[in-house]
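One structure below.
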Amino acid sequence: MNYLRHFGLREAPFGITPDTSFFYACRSTQEALNTLLIAISNGEGFIKITGEVGTGKTLLCRKFLATLDAGWTSAYIPNPDLEPRALVQQIAEELGVRVEPGVDQHHLLKGITRVLLDSARQGRRVVLCMDESQGMPLETLETVRLLTNLETEKRKLLQVVLFGQPELDRKLALASIRQLRQRITFQYGLRGLDAGEIGAYVEHRLAIAGHAGAPLFDAGALRMLHRSSRGVPRLVNILAHKALLVVFGEGGRCAAKRHVQAAAADTPAAAPARGWWWPRLRTSRAAD
């Protein structure tokens, strides 16, 4: 792609698909990762990580799972908005339980229990990570709680990490699931990048993508990136990518404040400056 060659890149630096090779440990993300690692080392039952849309919960989850050593068995459920039996079946499949067609929930739970006990005998620990947990029905959350009842004298046989948007906190505040809320022993709320982290974040992603030349964003562009994105990493990526497309369309080499302003005006979730627009006709080279 001419866009990549123009800026000396091997791959697109600002994709929005969670890719652990681009993981950047800003202060908030590193604190959240530390919280996860400390919590599971203590053998606790439930851990909760919340954050607004685009703050990097899924990327953090994948980085956390990639950090676990061979002494762990992990299961990952990307979308647990399921009725209880369907979720239990997914968990069973993730843990390697042989699932016969039409098997009922009771036998699924027995299979999961057997795997957890076998793992404990082998000295292995099991963690279940559930993304987008704010969408889980209340009865499904209760089923997950019951799964964590199994324990030895020392620790739980299954640890659960709930990743979700702030709506998860409102759901957990309901009296009907207060037993689960009381079992959440560690929690962390992800924040966006602060103004001083934007430059390092952008440079990190550019370096991973192969850039080794002069900066592609000047100081004004970086300030506008933070202002327009409010520090949300997904929005930073979208705006940075669009800004570079404008620069490429102009035949330039470095994004300035006006390029980010134009990108923000074309991005509904951003906070654009009044009076700017997306110069569509000037980005035609990007399709080459």
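The values are calculated or read from the model by the stated rules, or taken from the named source; none is laboratory data. These numbers were taken from a predicted model, which means no experiment stands behind them. Cβ atoms come from the backbone with ideal geometry, glycine included; neighbour counts cover every protein chain shown.
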Can you give me the number of residues within segment 187-207 that are buried (at least 17 other Cβ atoms within 10 Å of the Cβ) and of a type in the set (A, V, I, L, M, F, W, C)? 5
In segment 121-178, how many are in contact with a Cys (Cβ under 7 Å, 6 or more places away or on another chain), among the aliphatic types (A, V, I, L, M) and farther than 15 Å from I40 by Cα? 0
Segment 97-120: number of residues that are more than 19 Å from T148 (Cβ to Cβ) and part of a loop (DSSP other than H, G, I, E, B): 7
Name the pairs whose Cβ atoms lie under 9 Å apart, with the first residue in segment 203-229 and closer than 21 Å to R258 by Cβ and without any contact (Cβ under 8 Å) to a residue 60 or more places away in the chain, the second assigned to a helix (DSSP H, G or I) and among the polar types (S, T, N, Q), and 6 or more positions between them or separate chains? M224/Q261; S228/Q261; S229/N237
Mind checking whether some residue in segment 160-181 is assigned to a loop (DSSP other than H, G, I, E, B), touching an Asp or Glu at 6+ places or on another chain (Cβ under 8 Å) and either outside the structural domain of I77 (by TED's automatic domain parsing) or among the aliphatic types (A, V, I, L, M) (or both)? no
Kindly indicate whether any position in segment 15-23 is under 22 Å from L157 (Cα atoms) and either assigned by TED's automatic domain parsing to the domain that holds L172 or modelled with pLDDT under 95 (or both). no
Residues in segment 121-148 that are farther than 23 Å from E52 by Cα and part of a loop (DSSP other than H, G, I, E, B): how many? 4
Kindly list, by first and then second residue, each pair from a residue in segment 165-191 that is touching a residue at least 40 places away in the same chain (Cβ under 8 Å) to a residue that is hydrophobic (A, V, I, L, M, F, W, C) and exposed (fewer than 13 other Cβ atoms within 10 Å of the Cβ), limited to pairs with Cβ atoms under 7 Å and residues at least 6 apart or on different chains. Q165/V53
Within segment 34-57, track down each residue that is surrounded by 15 or more Cβ atoms within 10 Å (Cβ to Cβ) and more than 18 Å from I184 (Cβ to Cβ). E52, G54, T55, G56
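For every residue, the table says whether it meets (1) within 20 Å of P78 (Cβ to Cβ); (2) free of Cβ contacts under 8 Å to residues at least 24 places away in the same chain; (3) not assigned by TED's automatic domain parsing to the domain that holds Q165.
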| site | (1), (2), (3) |
| --- | --- |
| Q90 | yes, yes, no |
| L95 | yes, no, no |
| E100 | no, yes, no |
| Q105 | no, yes, no |
| R114 | no, yes, no |
| D118 | no, yes, no |
| E132 | yes, no, no |
| P137 | yes, no, no |
| T143 | yes, no, no |
Please state which one of G199, G213 is at pLDDT 95 or above and closer than 23 Å to V247 by Cα. G199
Give the number of residues within segment 220-250 that are charged (D, E, K, R) and outside any helix (DSSP H, G or I). 1
Which of (1) surrounded by fewer than 22 Cβ atoms within 10 Å (Cβ to Cβ); (2) in contact with a Gly (Cβ under 6 Å, 6 or more places away or on another chain) does P233 not meet, given it meets every other one? (1)
Have a look at R125, R121, R114, R155 and point out the one that is in contact with a Lys or Arg (Cβ under 9 Å, 6 or more places away or on another chain) and surrounded by fewer than 19 Cβ atoms within 10 Å (Cβ to Cβ). R155
All-but-one check, Q30 against (1) loosely packed, with under 15 Cβ neighbours inside 10 Å; (2) at pLDDT below 95, failing number (2)
Could you identify the single residue in T17, T67, T29 that is free of Cβ contacts under 8 Å to residues at least 60 places away in the same chain and within 28 Å of A214 (Cα to Cα)? T17
